[in-house]
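Each value in this text was obtained by applying a stated rule to the coordinates, not by laboratory testing. The model shown is predicted, which means the values in this text are computed figures rather than measured ones. Glycine gets a Cβ as well: all are built from the backbone with ideal geometry, and neighbour counts include every protein chain shown.
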Amino acid sequence: MKVISFDLDGTLVDQEFNDLVWYHGIPELYSKKHDISLERARELVSGEYHKLGDQAVEWYDIKYWFRNFGLEGSYLELMNRFRDRVRVYPEVMDVLERLKEEYDLILTSNAAREFIAVEVGATGLEGYFTRVFSATSDFGQVKKTPEFYAEICKAVDISPQRMVHVGDHWEFDYLAPREIGITAFYLGRSGKKEGNFVLRDLRELEVRLNHIPELSTNGGEL
């Protein structure tokens, strides 16, 4: 294996920053604009999110929501308000530090580039990745599909069989890349799933990488 691809949210960093932007920061601006309570603003804003739905690429675009709600100020200022709430999981930095000595590491996220930029910049993660890809910003895809992973392989000039992907979403980080021959690991920090290709944290990835042929021979499915 030559390249290891990592998901971002839920894999390297927790969800707090995203939740604060979408469900506190934007509703707060909305409540000030319309002079209503934060609770009511949160209900209305969440309703609009739900109405559009996550199958629309605009759903992931904070610039779209600023325009749609007619919010004052800058989306960058809003995101930077919560910059210090970006948190990497405890083992992440040590694991990446070791892996980068042997592999090319890339970041393949469903998040828009605006969010990726803040999250990797706030944590120092950018120093570990040779390439960064956003499904929504770079490819106009709302989910990480097999086609998305095929495009990534082309971009980094590698066959799927020489790539590993790790992420916390069952369908988009495990099933989708496997469809084109990428070796995928499902990161289930809750410990609810078990299997050769299930990780509870990224330290387990280091061990599994040395035994991929054996894992596949002994049962590639979960």
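Data table
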read-out: The chain - share of DSSP beta bridges that are antiparallel (%, nearest 5); value: 5
read-out: Label-zone membership for segment 100-142, site K2, 7 angstrom Cα→C-beta point, backbone N under 12 Å; value: 104
read-out: Long-range HN-HN contacts of T183 with modeled amide H, under 5 Å; value: M163, H165
read-out: Cβ-based charge dipole, the chain, positive-most Cα from V88, V132, G188; value: V132
read-out: Distant-in-sequence amide H partners of V132 (H built 1.01 Å from N, under 5 Å); value: L107
read-out: C-alpha long axis of helix 146-155 to longest principal axis of the chain, angle in °; value: 70
read-out: Added length on full extension, which subtracts the Cα-Cα distance from 0.36 nm per residue, R87 to E147; value: 18.6 nm
read-out: Helix-only CD estimate at 222 nm, as mean residue ellipticity for the chain, using -39500 (n - 2.57) per DSSP H run (n ≥ 4); value: -11500 deg cm²/dmol
read-out: Two-site FRET efficiency, E194 against L38, from Cβ-Cβ distance with R₀ of 30 Å, rounded to 0.05; value: 0.15
read-out: Distance between modelled label sites at R131 and L52, nm, 7 Å Cα→Cβ extension; value: 2.9
read-out: The chain - Kirkwood radius from inverse mean 1/r over Cα pairs (Å); value: 18.5
read-out: Residue-span extension gain [Y23 to E77] - 0.36 nm each, minus C-alpha spacing; value: 17.9 nm
read-out: For segment 8-59 and segment 71-118, distance of Cα centres in Å; value: 19
read-out: Modelled FRET efficiency - R0 30 Å, R98 with D157, Cβ distances, 0.05 increments; value: 0.75
read-out: Label-to-label distance, nm, for residues given as E179 and R67 (7 Å Cα→Cβ offset); value: 3.0
read-out: Inverse of mean 1/r across different Cα pairs in segment 16-84, Kirkwood, Å; value: 12.1
read-out: Value of relative contact order over the chain, rounded to a whole percent, pairs C-alpha under 8 Å and six or more apart; value: 23
